[in-house]
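S.K.: Below you will find the structure I want to go over with you.
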Amino acid sequence: MSTSEVLAATGVDLSYGATHAVRDAHIVLGRGEVAAITGASGSGKSSLLYCLAGVLPATRGRIEFEKRSYGDLDDEEISTLRRERFGFVFQYGELLPELTIEENTALPLRLAGKKKGPALAAAAEVLDRLGIGDLRERRPSQVSGGQSQRVAVARALVHRPAVVFADEPTGSLDSANAAAVLQEFLSLARSQGTAVLLVTHDPAVAAQADRNYTMTDGTLQLAGAAA
């Protein structure tokens, strides 16, 4: 695990009117590091994740990617950052039904302007590494839930992002599939030097992380740290 800092947040608040979803959050993520955030539903985990990913603007505080503050970036630069430097894995995969497995996987590269041939070749390589290369010509409706989530992982990692944000990435899977997908996901991410920030309810998922945070009523705390 590298200790080179890639993402850092200081004093981050997020409010929806009078509701405080995130309160004074501090977090640092290094290259190749996996950090997990656990907590009850409604505790603010996903809200913080989307703040750190540049999807939701923080009400207060500072978030930096590679030492550059989000506050110094305009909307187009933030969009480019999310498209080219970040990856995303969601609970239900959210694959595009009209595309093949290979085309779904290649989508981040195509959106970044890579030609179709090289993009599909890169997608095929990642699918092979995740053990589902034989599914590349199928549609999402033709694969299982576990296979679909492996495709979502492949799509998140195909462009070798600096950070992957994962929101309950195995929440829709049975325990056997969840363990297998998570192991493959984290192994591939670490081998690429990609940092992973994942939100989960599952202690078994959180146990695979290098660092664990808990979130309670919008307040983030490093597990084991004094309150």
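The values are calculated or read from the model by the stated rules, or taken from the named source; none is laboratory data. Source: prediction; values computed, not measured. All Cβ positions, glycine included, derive from the backbone under ideal geometry; neighbour counts span all protein chains shown.
S.K.: Just to verify a result, which residue in segment 3-29, among those that are surrounded by fewer than 17 Cβ atoms within 10 Å (Cβ to Cβ) and within 12 Å of A162 (Cα to Cα), is modelled with the highest pLDDT?
M.R.: Applying the filter and picking the extreme gives E5.
S.K.: Would you tally the residues in segment 51-72 being assigned to a loop (DSSP other than H, G, I, E, B) and small (G, A, S)?
M.R.: Qualifying residue count, segment 51-72: 3.
S.K.: Name the pairs: first residue in segment 206-225 and on the phi > 0 side of the Ramachandran plot, second residue outside any strand (DSSP E or B) and of a type outside the set (K, R), Cβ to Cβ under 6 Å, at least 6 apart or on different chains?
M.R.: Matching pairs, first to second residue: G218/G44.
S.K.: Can you say whether G32 is crowded, with 19+ Cβ neighbours inside 10 Å and either out of contact with any helix residue (DSSP H, G or I) (no Cβ under 7 Å at 6 or more places or on another chain) or at pLDDT below 95 (or both), as far as the supplied structure shows?
M.R.: So G32 fits the description; yes.
S.K.: Cβ-Cβ below 6 Å, separation at least six or inter-chain, first residue in segment 55-84 and free of Cβ contacts under 8 Å to residues at least 40 places away in the same chain, second β-branched (V, I, T): which pairs?
M.R.: Listed by first residue and then by second, the contacts come to Y70/I63.
S.K.: May I pose another question? So, of the residues in segment 85-109 that are hydroxyl-bearing (S, T, Y) and free of Cβ contacts under 8 Å to residues at least 60 places away in the same chain, which turns out to be farthest from G171 (Cα to Cα)?
M.R.: T100
Yes/no per residue for (1) over 19 Å from A156 (Cβ atoms); (2) touching a Lys or Arg at 6+ places or on another chain (Cβ under 8 Å):
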position	(1), (2)
T38	yes, yes
G42	yes, no
L81	no, no
R85	no, no
T100	no, yes
G117	yes, no
R129	no, no
E137	yes, no
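S.K.: Surrounded by 23 or more Cβ atoms within 10 Å (Cβ to Cβ) and within 12 Å of the chain's Cα centre (by Cα): is that true of A119 in this structure?
M.R.: So A119 does not fit the description; no.
S.K.: Show the residue pairs that are 6+ apart or on different chains and have beta-carbon atoms under 7 Å apart, the first residue being within segment 114-135 and within 21 Å of R190 (Cα to Cα), the second being polar (S, T, N, Q).
M.R.: A123/T105; V126/T105; L127/T105; I132/Q147
S.K.: Does R136 count as in contact with a helix residue (DSSP H, G or I) (Cβ under 6 Å, 6 or more places away or on another chain) and basic (K, R)?
M.R.: Spelling it out, R136 is indeed in contact with a helix residue (DSSP H, G or I) (Cβ under 6 Å, 6 or more places away or on another chain) and basic (K, R).
S.K.: Within the group T170, T105, which residue is modelled with pLDDT under 95, closer than 30 Å to E64 by Cα and among the hydroxyl-bearing types (S, T, Y)?
M.R.: Every option except T170 fails the conditions.
S.K.: Tell me, which residue of segment 73-116 that is hydrophobic (A, V, I, L, M, F, W, C) and assigned to a helix (DSSP H, G or I) is surrounded by the fewest Cβ atoms within 10 Å (Cβ to Cβ)?
M.R.: That would be L111.
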